[in-house]
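One structure below.
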Amino acid sequence: MPDDAARARRRTGTGIALALTLVLGAVLVTGPPEDDDRPPGDACRPRTVASWTTDDALTAEFARYGDDAGRTDDWTGGDGTHSVRLPDGRLLWLFSDTYLGGVHRPPNPVGESYAWRDTGAPLVRNSAVLMRDGRLEATLPAPLFPDPAPDQWRWPVAARVEPRSPGSSERVVRVLLWVRTAGRSPWIYGVPTATEVATLSLPDLRTESIVGVHDQRQVADPSRRVLFGTTLVEEDGWTYVFG
């Protein structure tokens, strides 16, 4: 409906969508303001990984959930992993290409000591898994974000919880989506097509709207197309979205 679409654009425009403009504008900043006495280069230091460790408990929980044979229509593995903490403490995990179905105990058909899937295991282009208190508990047995058109699909990337509109006490989840279109080699993982923003209600995580914010179809060379949402950073009331 036109009115609904207009409202969706206004809602999205108050949050993540505006950050796309901020990021594009930010690349023009080449140094600190004139009245800043910090040495050149100190104004915008990149974030770096200082250290990391494996989380054996989290790894074991995903293995438990994925290999559980109690259901044959839930998550058994996925890539493109992102997560966002919800206000009630739950953790929403978002995945790109995802296998559903069952997982068989080892040995596999060639005698190796690994759990395995049937070759016909269902594959969906995106999925969501909820975690509460460190335990995975629910999967929608279908894509959370439906395909926009034949031979196109959506991959969820960065997400955040924010007010529905500036000053509102109601909060929603905004999820950046990459739209890709089936293509020939070398684009075997899809041709970059557009960036969208989805709005999910809380606490039920119902998809309320999906709004396009950055269409790249007019860029003839796919290698020069930019999709936003690789990551996002919240700082001083602003959300910076990177592509």
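Please treat every number below as a calculation from the coordinates, not as lab data. From a predicted model like this one, the values you see are computed outputs, not experimental measurements. Note that we place each Cβ from the backbone using ideal geometry, even for glycine, and neighbour counts take in every protein chain shown.
For every other residue with a beta carbon closer than 15 angstrom to the beta carbon of Glu234, add +1 if it is Lys or Arg and -1 if Asp or Glu, then tell me the sum. In short, +2.
Between Tyr189 and Arg217, the simple label model (points 7 Å from Cα in the Cβ direction) yields a spacing of 2.4 nm.
Across all Cα atoms of the range 108-209, the radius of gyration (one decimal) and Dmax (whole number) stand at 17.4, 60 Å.
Per-residue Karplus couplings for the range 83-93, computed as 6.51 cos²θ - 1.76 cosθ + 1.60 with θ equal to phi - 60°, are listed in order as 8, 8, 7, 8, x, 8, x, 5, 10, 9, 9 Hz, Gly and Pro entered as x. Taking only alpha carbon atoms, the range 58-143 gives an Rg to Rh ratio of 0.99, where Rh is the Kirkwood radius. Relative contact order of the range 58-143: 29 percent, from C-alpha pairs under 8 Å at least 6 residues apart in sequence. Which value, in debye to the nearest 20, describes the size of the charge dipole of the range 153-240 about its Cα centre when Lys and Arg Cβ atoms bear +1, Asp and Glu Cβ atoms bear -1, and nothing else is charged? Using Cβ point charges on Lys, Arg, Asp and Glu, the range 153-240 gives about 440 debye. Put simply, the amide H of Val191, placed in the peptide plane, has neighbours under 5 Å in Thr181, Ala182, Gly183, leaving out anything fewer than 5 places away on its chain.
Using the Cβ-Cβ distance between Ala60 and Tyr240 with R0 = 41 Å, the FRET efficiency computed as 1/(1 + (r/R0)^6) comes to roughly 0.75.
When the Cα centres of the range 48-109 and the range 166-193 are compared, how far apart do they sit, in Å? Here the two parts' Cα centres lie 21 Å apart.
How much net charge surrounds Ala138 when only the other residues with a Cβ under 15 Å from the Cβ of Ala138 are counted, with Lys and Arg +1 and Asp and Glu -1? That sum, taken over residues with Cβ under 15 Å, equals -2.
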